[in-house]
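Colleague: Pasting in a structure now, in structure tokens, and then I'll have a few things to ask.
Just so it is clear, none of the values below were taken in a lab; they were calculated from the coordinates. Bear in mind the structure is a predicted one, so any value in this text is a computation, not a measurement. Every residue, glycine among them, receives a Cβ derived from its backbone with ideal geometry; neighbour counts consider all protein chains shown.
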Amino acid sequence: MEHFRNPRNVGEIPDADGVGSVGNPVCGDMMTIYIKVEENRIADIRFKTFGCGAAVATSSMITELAKGKTLDEAMKITRKDVADSLGGLPPIKMHCSNLAADALHAAIEAYRKNKEVDR
Ligand code: FES
């Protein structure tokens, strides 16, 4: 609830190193996560979502969980970690937390792809 009322890290990073967007097939909501990477760690992270309150809360929570982590650690953050950190989500809202984890992983994959192109 606290993350729903006061979401952290909302917004965009205009010069992001990786951007991940996913749509939720269950409800049609959308989520985008932006990351800045320094020395293989997530230095900054922001999100934008067109989703329900649970999607906002889980995105807010995942940005807090991921910040400062290495990319490998952040790849291991699961939907369940997010839901657990929020003190559990009602089953009907579990799909909302999928969005945040999937968007984070997509942003990291996009960053890794960008880097390969640069090399
Ligand atoms: Fe769509 Fe929650 S109802 S993300």
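Colleague: In degrees from 0 to 90, rounded to the nearest 10, what is the angle of the helix 94-118 Cα long axis to the longest principal axis of the chain?
Modeller: 10 degrees
Colleague: If you don't mind, another one. By average Cβ neighbour count within 10 Å, what is the ranking of 12-20, 58-66 from highest down?
Modeller: 58-66, 12-20
Colleague: Output wanted: per-residue J couplings in Hz (rounded whole) for segment 25-39, from phi through Karplus 6.51 cos²θ - 1.76 cosθ + 1.60, θ = phi - 60°, x for Gly and Pro.
Modeller: Working through the residues one at a time gives x, 6, 10, x, 6, 10, 9, 10, 10, 10, 10, 10, 10, 10, 6 Hz.
Colleague: Let me ask you something else. Compute the long axis of helix 53-66 from its Cα atoms, compare it with the longest principal axis of the Cα atoms of the chain, and write down the angle in degrees, 0 to 90, nearest 10.
Modeller: 40 degrees
Colleague: Summing -39500 (n - 2.57) over the DSSP H runs of n ≥ 4 in the chain and dividing by its residue number, what mean residue ellipticity at 222 nm do you reach, to the nearest 500 deg cm²/dmol?
Modeller: The per-residue figure over the chain is -14000 deg cm²/dmol.
Colleague: What is the sum of charges around residue 47, taking Lys and Arg as +1, Asp and Glu as -1, for the other residues whose C-beta is under 10 Å from the C-beta of residue 47?
Modeller: That sum, taken over residues with Cβ under 10 Å, equals +2.
Colleague: Continuing with the same structure: In nm, what is the difference between 0.36 nm times the number of residues separating residue 27 and residue 6 and their Cα-Cα distance?
Modeller: 5.2 nm
Colleague: Next up: Debye calculation, C-alpha points only, no solvent: report log10 I(q)/I(0) for segment 20-119 at q = 0.20, 0.23, 0.25 Å⁻¹, in the same order as the q values.
Modeller: Once normalised to I(0) and log-transformed, intensities are -0.90, -1.15, -1.32.
Colleague: By per-residue mean of other Cβ atoms within 10 Å, what is the highest-first order of 47-54, 31-38?
Modeller: Ranked by mean Cβ neighbours within 10 Å, highest first: 31-38, 47-54.
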